[in-house]
Amino acid sequence: MRKQFAIIGMGRFGSSVAKTLSQLGFEVLAIDQNEETVQEVSAYVTHAVQADSTDEEALRALGIRNFDVVVVAIGEDIQASILTTLILKELGIATTVVKAVNDLHGKVLKKIGADKIVYPERDMGQRVAHHLISSNIIDYIELSPDYSIVEMRASSQMIGKSLRQLDVRAKYGCNVIAIKQKEQMIIPPSAEESLTSDDILVLVGKNSNLQTFEINYA
Ligand code: ADP
C-alpha cells in the first residue's frame, strides 16, 4: 500500500506540497476552509474538500484517521494551526507535519506533539543566502541548528587539486562525504584523485566551518 496524504490549508506552501505529491503519483486529500481555493486545487489532487480543520467532527467525518501523514499548512492563522495539530494528535494520527511561521509557533507545535515542524520561509531564506555567498553552492540542508550538509560545485581554485591537498578536514573542520561526477556518486571519495570542473562536493560540518570554507572557495 502506498502512503496516503492529507494536506490541510491550500495556501502557497500547502498547495505546492499537494501538487508535488500528486505529480509523484500519491493519493492526496486536500482540505481548505475556502470553497474557491478548494475548486482551484481540485484539478490536480485526488480529492479536495471544503472543511474547517478546527472542527473535530468535520475531520472525523472526512476519515482523517485513515491517513498515514497529515500536513498542516496553515500559516497566518496560528491559532487554527495549533488547534488543528492538537486535534490530529488526539485523533491518533501517527505523523503530523506542521508548517511554523516563527520560532514561538514552532515551540508550541513541538509541545503539543507535532512530529515534524517545517519552516519553509526560514529554510528558503538560508538557501538563498548561501547561493548569494557563492554561485557554486547548489544545495544546503540543515541537519540541526548547528550542523548542515552543503552541495558545492568545485570552484576554480579546487580544480586539479586532490582532497588531500585541499586538506578540508584539518583546515576547515568539515568532511567531504561524497563527490558527484555526472551520473555517479563516489562514496567515500578518494583523497588522491584530482578534482575537475564537473565535480560536485558534498560536505558535512558545523555551519560556521562550512561558511568559512564556502567564502574561501567562492
Ligand atoms: P501560505 O503562507 O503557505 O500561503 P496561508 O496561511 O496564507 O499559507 O494559507 C493557509 C490556507 O489555509 C488558506 O488557503 C486558508 O483558507 C486555509 N485555512 C486557514 N485556516 C483554516 C482552517 N481552520 N481550516 C481549513 N483551512 C484553513
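The values are calculated or read from the model by the stated rules, or taken from the named source; none is laboratory data. The shown structure was predicted, so the numbers you read here are calculated from the model rather than taken from an experiment. Here the Cβ positions follow ideal geometry from the backbone for every residue, glycine too, while neighbour counts run over all protein chains shown.
Residue-wise test of (1) outside any strand (DSSP E or B); (2) modelled with pLDDT under 90.
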position: Lys110; (1), (2): yes, no
position: Ile117; (1), (2): no, no
position: Glu121; (1), (2): yes, no
position: His131; (1), (2): yes, yes
position: Gly160; (1), (2): yes, no
position: Gln165; (1), (2): yes, no
position: Lys180; (1), (2): no, no
position: Leu203; (1), (2): no, no
position: Leu210; (1), (2): yes, no
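Considering each residue of segment 129-151 in turn, at least one proves to be surrounded by 12 or more Cβ atoms within 10 Å (Cβ to Cβ), in contact (Cβ under 8 Å) with a residue 60 or more places away in the chain, of a type in the set (S, T, N, Q) and closer than 26 Å to Ala73 by Cβ. Filtering Ile78, Ile64 for residues that are near the ligand (Cβ under 10 Å from one of its atoms) and assigned by TED's automatic domain parsing to the domain that holds Gly106 leaves a single hit, Ile78.
Exactly one residue out of Lys19, Lys3 is more than 6 Å from the ligand (Cβ to nearest atom), of a type outside the set (Gly, Ala, Ser) and over 17 Å from the mean Cα position of the chain (by Cα): that is Lys3.
When restricted to residues that are within 16 Å of the ligand (Cβ to nearest atom) and either under 26 Å from Asp199 (Cβ atoms) or small (Gly, Ala, Ser) (or both), segment 124-150 contains 1.
Of all the residues in segment 85-103, those that are modelled with pLDDT of 95 or more, more than 16 Å from the ligand (Cβ to nearest atom) and more than 21 Å from Asn66 (Cα to Cα) number 0.
For Gly9, the requirement of being under 15 Å from Ile87 (Cβ atoms) and near the ligand (Cβ under 8 Å from one of its atoms) is met. If you go through segment 1-17 and pick out every residue that is crowded, with 18+ Cβ neighbours inside 10 Å, under 17 Å from Leu59 (Cβ atoms) and out of contact with any Gly (no Cβ under 6 Å at 6 or more places or on another chain), you end up with 6. Contact annotation: residue pairs with Cβ atoms under 9 Å, 6 or more positions apart or on different chains, pairing a residue in segment 61-85 that is at positive phi with a partner that is more than 11 Å from the ligand (Cβ to nearest atom) and not in a helix (DSSP H, G or I), are Gly63/Leu29. Among the candidates Ala58, Ala30, the residue that is in a helix (DSSP H, G or I), over 18 Å from the mean Cα position of the chain (by Cα) and surrounded by 13 or more Cβ atoms within 10 Å (Cβ to Cβ) is uniquely Ala58.
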